[in-house]
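Encoded as structure tokens, the structure appears first; notes follow it.
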There are 4 protein chains.
Amino acid sequence: MKIKIFTTGGTIDKIYFDQKSEFQIGDPQIVEVLKGANVTLDYEVSSLLRKDSLDLTDADRIRIHDAVSADSCRRFVITHGTDTMIQTAQALGDISGKVIVLTGAMQPARFRMTDAVFNIASAVTAVQLLSEGVYIAMNGRIFRPDRARKNVAMNRFEDLPETL
Amino acid sequence: MKIKIFTTGGTIDKIYFDQKSEFQIGDPQIVEVLKGANVTLDYEVSSLLRKDSLDLTDADRIRIHDAVSADSCRRFVITHGTDTMIQTAQALGDISGKVIVLTGAMQPARFRMTDAVFNIASAVTAVQLLSEGVYIAMNGRIFRPDRARKNVAMNRFEDLPETL
Amino acid sequence: MKIKIFTTGGTIDKIYFDQKSEFQIGDPQIVEVLKGANVTLDYEVSSLLRKDSLDLTDADRIRIHDAVSADSCRRFVITHGTDTMIQTAQALGDISGKVIVLTGAMQPARFRMTDAVFNIASAVTAVQLLSEGVYIAMNGRIFRPDRARKNVAMNRFEDLPETL
Amino acid sequence: MKIKIFTTGGTIDKIYFDQKSEFQIGDPQIVEVLKGANVTLDYEVSSLLRKDSLDLTDADRIRIHDAVSADSCRRFVITHGTDTMIQTAQALGDISGKVIVLTGAMQPARFRMTDAVFNIASAVTAVQLLSEGVYIAMNGRIFRPDRARKNVAMNRFEDLPETL
């Protein structure tokens with residue numbers, strides 16, 4: 001079973017760039033994480049973008065969409081900033097015949113205390129077990145994008161409240 | 001959805017005890033891992049044993065078996081030494097109506113470079129998606145115990161070779 | 001021998017604040033570092049400021065100066081941003097009878113790969129061995145502020161080149 | 001100023017060897033630590049031994065002694081197990097014209113929470129500032145071997161109590 005991994009930026013890959021006293025998006029960390037855990041899956045990583053998800057444009061989302069739909073692979077993990085992860089997930093909703101799991105992190109993978117490793121593992125595991133569709137793996141849970149939201153104040157993803 | 005977590009020892013929880021120049025099995029690390037990743041699942045952790053899996057006896061396996069079967073919960077993650085994880089998994093094979101995922105680590109969770117976080121995340125995610133049965137989550141993959149083995153030399157779990 | 005530690009901010013204490021997609025200066029990390037290394041010295045930590053050193057004003061430097069000179073303690077470690085550490089060190093040059101060592105970090109202490117622990121240890125050790133004066137502990141070396149500079153491109157402190 | 005570093009084993013360099021369910025002494029970590037902190041000193045590392053310090057023999061101590069005395073370098077850091085660090089330090093007491101600082105760690109450098117980085121930094125800094133003699137750098141302090149002991153129960157080095 002092969003998994004295609006696309007990285008698009010986000011907090012998960014941020015580094016601290018001392019010369020400019022700021023955080024920037026660095027090289028994707030997912031390969032280090034998978035190797036560090038001795039993951040024996042057949043996977044391939046491709047860096048599509050390096051953006052904060054608040055800066056993603058419609059053109060960027062089309063690019064992500066086309067990268068997935070044009071690929072003959074069936075299972076995809078996409079690392080993405082958490083701010084607009086749901087939006088991108090929804091933009092992939094019309095792709096059939098594929099299992100797509102988006103994940104990211106609230107704390108950069110390069111931090112000592114980070115959710116990055118956990119979330120990557122969650123997404124990589126989920127993508128092997130789920131049936132076709134688009135999902136979000138955050139906070140140890142799997143969400144359908146249409147039924148989830150990012151609760152910024154509480155720093156987590158959760159189910160949309162039930163609506164009448 | 002509630003998950004019951006049982007810890008039984010193994011490398012995943014080993015600590016270095018300087019006074020005796022040796023490793024010992026310390027307090028289970030899984031709660032730190034789940035909190036560190038801001039996991040929002042409803043879970044409960046219970047420490048059943050603190051043993052190297054090579055030291056587990058039949059009585060120990062019966063104890064693990066009974067803890068699972070007597071529990072009204074449906075979904076279980078069991079952290080366990082990797083050496084006899086498959087054996088314990090097989091001993092749980094007669095329990096119906098439950099989803100049971102065993103995991104562990106080749107490097108202690110307290111190490112800077114460890115597979116512990118990844119494996120815990122993998123197991124916690126898989127137990128929410130799998131149907132009833134017993135499984136092993138290691139190296140980023142989900143195995144059926146009857147079709148897996150631990151390849152000690154290569155430091156990983158893998159499928160049993162096809163037999164004629 | 002008692003050591004007084006003043007924290008003033010800088011990269012060493014930066015955290016990633018996801019809600020604002022930016023870094024901020026968080027709680028000083030030096031106590032965690034000293035406890036984590038089981039440092040048995042008699043020390044006291046006081047947080048004077050939480051600023052990037054590029055944002056320090058003359059009033060801030062006077063504040064640091066007065067905190068040191070008014071304190072009956074003889075030995076001081078000051079954690080500080082690296083950009084203007086030399087400037088602050090020079091502003092302390094008129095204080096007699098005290099050993100003052102400034103240090104900081106190029107990568108936040110909360111990162112997995114950081115120079116923070118090393119630099120704190122270097123400063124805390126140096127302040128016990130040096131005679132009165134003001135010094136900078138960075139990159140494993142001890143510098144006199146008047147004979148050092150921060151080489152931003154190379155990300156390190158070094159001796160000023162010899163001048164005729 | 002050049003520093004010669006000799007590694008002799010000890011807890012500081014222990015690794016977990018899963019195949020044998022035990023800790024072994026692995027490749028010396030000091031170079032990783034010095035590089036990770038961007039230490040700009042001129043140093044050279046030589047691995048003399050890989051032993052628990054409880055297993056060091058007189059022949060081993062002679063070997064360490066001769067490596068130091070035969071070397072034209074003036075400043076030495078020796079990483080060593082903590083159990084008999086004082087004993088080895090005392091065996092080097094007759095070497096004149098050199099500054100020798102021994103250090104080690106209670107928790108392996110490969111652990112997430114370790115005193116290794118702190119202690120290495122302390123020793124590397126102290127060796128540049130001290131005058132000739134043999135010293136121990138542990139717990140943030142510099143000890144003369146004849147006036148120190150390892151308090152095993154409290155997991156730290158301390159001054160010998162004053163004797164009448």
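Overview of results
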| item | result |
| --- | --- |
| The range B:126-138, residues that are surrounded by 12 or more Cβ atoms within 10 Å (Cβ to Cβ) and touching a residue at least 24 places away in the same chain (Cβ under 8 Å) | B:A126, B:V127, B:Q128, B:L130, B:E132, B:G133, B:V134, B:Y135, B:I136, B:A137, B:M138 |
| Residue within the range D:34-45 that is under 22 Å from D:V134 (Cβ atoms) and within 13 Å of the chain's Cα centre (by Cα) present | yes |
| Pair list, Cβ < 7 Å and 6+ apart or interchain, from the range D:9-34 residues that are free of Cβ contacts under 8 Å to residues at least 12 places away in the same chain and within 11 Å of chain B (Cβ to nearest Cβ) to residues that are aliphatic (A, V, I, L, M) and surrounded by fewer than 15 Cβ atoms within 10 Å (Cβ to Cβ) | D:Q19/B:V152; D:S21/B:L54 |
| Tally, over the range C:97-130, of residues that are closer than 18 Å to C:G36 by Cα and either hydroxyl-bearing (S, T, Y) or touching a Cys at 6+ places or on another chain (Cβ under 6 Å) (or both) | 3 |
| Index of the failed condition, C:R112 passing every other in (1) within 11 Å of chain D (Cβ to nearest Cβ); (2) under 28 Å from D:K2 (Cβ atoms); (3) among the charged types (D, E, K, R) | (2) |
| Matching option when the condition is under 21 Å from A:E132 (Cα atoms) and β-branched (V, I, T), among A:I30, A:I25, A:I12, A:I5 | A:I5 |
| Subset of the range D:66-93 [under 21 Å from D:V31 (Cβ atoms) and within 14 Å of another protein chain (Cβ to nearest Cβ)] | D:R75, D:V77, D:H80, D:G81, D:T82, D:M85 |
| Residue list for the range C:3-36, restricted to those being polar (S, T, N, Q) and buried (at least 18 other Cβ atoms within 10 Å of the Cβ) | C:T7, C:T8, C:T11, C:S21, C:Q29 |
| Residues that are of a type in the set (G, A, S) and under 25 Å from C:V31 (Cα atoms), drawn from the range D:119-147 | D:A121, D:S122, D:A123, D:A126, D:A137, D:G140 |
| The range A:139-163, subset touching a Leu at 6+ places or on another chain (Cβ under 6 Å) and of a type in the set (D, E, K, R), residue surrounded by the fewest Cβ atoms within 10 Å (Cβ to Cβ) | A:R147 |
| Whichever residue in the range B:37-55 is free of Cβ contacts under 8 Å to residues at least 12 places away in the same chain and either within 9 Å of chain A (Cβ to nearest Cβ) or buried (at least 17 other Cβ atoms within 10 Å of the Cβ) (or both) and, among such residues, is nearest to D:K20 (Cα to Cα) | B:N38 |
| Evaluation of B:A123 against (1) at the interface with chain A (Cβ under 7 Å from one of its Cβ atoms); (2) in a helix (DSSP H, G or I); (3) without any contact (Cβ under 8 Å) to a residue 60 or more places away in the chain (one fails), failing number | (1) |
| Enumeration of residues in the range A:137-158 that are within 12 Å of chain B (Cβ to nearest Cβ) and not in a loop (DSSP other than H, G, I, E, B) | A:A137, A:M138, A:R141, A:I142, A:F143, A:A148, A:N151, A:R156, A:F157, A:E158 |
| Search result, residues across the range D:48-86 that are under 12 Å from the mean Cα position of the chain (by Cα) and polar (S, T, N, Q) | D:S53, D:T79, D:T82, D:T84 |
| Residue in the range A:84-103 that is closer than 17 Å to C:F23 by Cβ, surrounded by 19 or more Cβ atoms within 10 Å (Cβ to Cβ) and modelled with pLDDT of 95 or more present | no |
| Flag if B:G104 is in contact (Cβ under 8 Å) with a residue 12 or more places away in the chain, under 29 Å from C:R112 (Cα atoms) and out of contact with any Lys or Arg (no Cβ under 8 Å at 6 or more places or on another chain) | yes |
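The values are calculated or read from the model by the stated rules, or taken from the named source; none is laboratory data. Remember, it's a predicted structure, so these values are computed and weren't measured experimentally. We place every Cβ from the backbone using ideal geometry, glycine too, and count neighbours over all the protein chains shown.
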